[in-house]
Amino acid sequence: MSSNNIYDINRMKNFDFKELRELYLGNNNISNIKIIEKVNFEQLEILDLNKNDISDITTLGEVNFKLLKELNLSGNNITDIEVLKSVNFEKLEILNL
């Protein structure tokens, strides 16, 4: 779903992502990722949100990313990464800010 001019991901709550392993939402116009805390990403290993308009990532602290291996948040407007200390990243290998 990269490079699709997506700006609103609130409709994601209507989908079942229990088996999803990779989600690429880079190069869109996403500014609010609050909905991510309401989506079940039990098997997610890669989450790519690069090159969007995200400034607040505090909702990442509400998500269980126990299998996440790669998180790409580069190219956004993030100024505070303090929340990353509280995220359960058991398997994280790559963090791109």
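The values are calculated or read from the model by the stated rules, or taken from the named source; none is laboratory data. Here the structure is a predicted model, which means the values were calculated and not measured. Don't worry about glycine lacking a Cβ; one is built from the backbone with ideal geometry, like all the others, and counts go over all protein chains shown. Surface areas here come from the heavy atoms of the whole protein model, side chains and all, with no ligands, DNA or RNA. Shrake-Rupley method; radii C 1.70, N 1.55, O 1.52, S 1.80 Å.
The table below lists the values:
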{"quantity": "Hits in the stretch 56-75 - residues which are acidic (Asp, Glu) and farther than 13 Å from PHE89 by Cβ", "calculated": "ASP56, GLU62"}
{"quantity": "The stretch 51-63 - residue that is part of a loop (DSSP other than H, G, I, E, B) and either of a type in the set (Asp, Glu) or closer than 18 Å to ARG21 by Cβ (or both) and, of those, least open to solvent (accessible area, probe 1.4 Å)", "calculated": "VAL63"}
